[in-house]
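*Asks:* Right, I'll just put the structure down here and ask away after.
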Amino acid sequence: MITVAAMLKRLQAVNVENDIHDAIQNTLPDYQDQQQQQLFEGKNSKGEEIGAYRNELYANYKHELNSRPGFGVPDLKLTGNFYRSIQSNVTKDEIETRADGVDYAPKLEQQYGSVIFGLDDDHRGVYVEKAFFPKLKETIEAKTLLTFN
């Protein structure tokens, strides 16, 4: 049986702020996957449609490639280069997301706004439930030898 002093020592090993930061850092690929999924659905970080195509012929073409966002709603994907260029970084207060490595990324951001980056409530919920919380739980359980359901 564990003593109170030993349990206290284990609990003191938990640094909530650092553990949260580390859990986010270790699950950034999952965050980026949700970002790409959200864009593929034609949604921005507010959960709204990214925008609308101005050219109906191009809208028809894109709808044939991906009907998920709805007719005329951009998904910002043609070759996949923009999606692959999406990078996220954890700061002290937030997750910053941007696209690096494609020369047209600034044009997309200018045209559709910086709200193309970041997760809406639905995709943030999936990220938190499927990636972030399990990683944080794993970290705390490893440090404390406690089991959480």
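Read-outs: derived from the displayed coordinates by stated rules, not from any lab. Since this is a predicted model, take the numbers as computed values, not measurements. Because the Cβ atoms are built from the backbone with ideal geometry, glycine has one as well, and the counts that use them run over all protein chains shown.
*Asks:* Which net charge results for the neighbourhood of Tyr127, defined as the other residues with beta-carbon distances under 12 angstrom from its beta-carbon, given Lys and Arg at +1 and Asp and Glu at -1?
*Replies:* For residues surrounding Tyr127, the net value is -3.
*Asks:* For the range 1-52, list log₁₀ I(q)/I(0) at each q in 0.26, 0.28 Å⁻¹, using the Debye formula over Cα point scatterers of equal strength and ignoring solvent, two decimals each.
*Replies:* -0.93, -0.97
*Asks:* Same structure again: Give me the three principal axis extents of the range 15-144 from the C-alpha atoms, as integers in angstrom, largest value leading.
*Replies:* The Cα atoms of the range 15-144 stretch 59, 26, 22 Å along the principal axes, largest first.
*Asks:* While we're on this one: Hey, rough spin-label estimate for Ser114 and Glu138, points 7 angstrom out along Cα→Cβ, what's it come to in nanometres?
*Replies:* The two pseudo-label positions are separated by 3.2 nm.
*Asks:* If the reach is capped at under 22 angstrom between alpha carbons, list the lysines near Lys77, excluding any in the same chain fewer than eight residues apart.
*Replies:* Lys43, Lys46, Lys62, Lys107
*Asks:* Still on this structure: Can you work out the Karplus-derived ³J(HN,Hα) for every residue in the range 130-147? Use 6.51 cos²θ - 1.76 cosθ + 1.60 with θ = phi - 60°, whole Hz, and x for glycine or proline.
*Replies:* 8, 10, 5, 4, x, 5, 5, 4, 4, 5, 5, 5, 5, 6, 9, 6, 8, 10
*Asks:* Another question, then. Please check which bits of the range 75-99 a label hung off Asn55 would reach, taking the label as a point 7 Å along Cα-to-C-beta and the cut-off as backbone N under 15 Å.
*Replies:* Once the point is set 7 Å along Cα→Cβ of Asn55, 75-79 turn out to lie under 15 Å by backbone N, inside the range 75-99.
*Asks:* Obtain the nm distance between the two label points defined at Leu78 and Leu11 by a simple spin-label model: each point lies 7 Å from its Cα along the Cα-to-C-beta direction.
*Replies:* Computed distance between label sites Leu78 and Leu11 equals 5.8 nm.
*Asks:* If each of Met1 and Asn18 carries a label point 7 Å out from its Cα toward its Cβ, how far apart are those two points in nm?
*Replies:* In this crude label model, Met1 to Asn18 measures out at 3.2 nm.
*Asks:* How high is the relative contact order of the chain? Use alpha-carbon pairs under 8 Å, at least six apart in sequence, and give a whole percent.
*Replies:* RCO, the chain: 34 percent.
*Asks:* Oh, and also: Multiply the residue separation of Asp103 and Asn89 by 0.36 nm, subtract the distance between their alpha-carbon atoms, and state the gained length in nm to one decimal.
*Replies:* So the extension gain works out to 3.1 nm.
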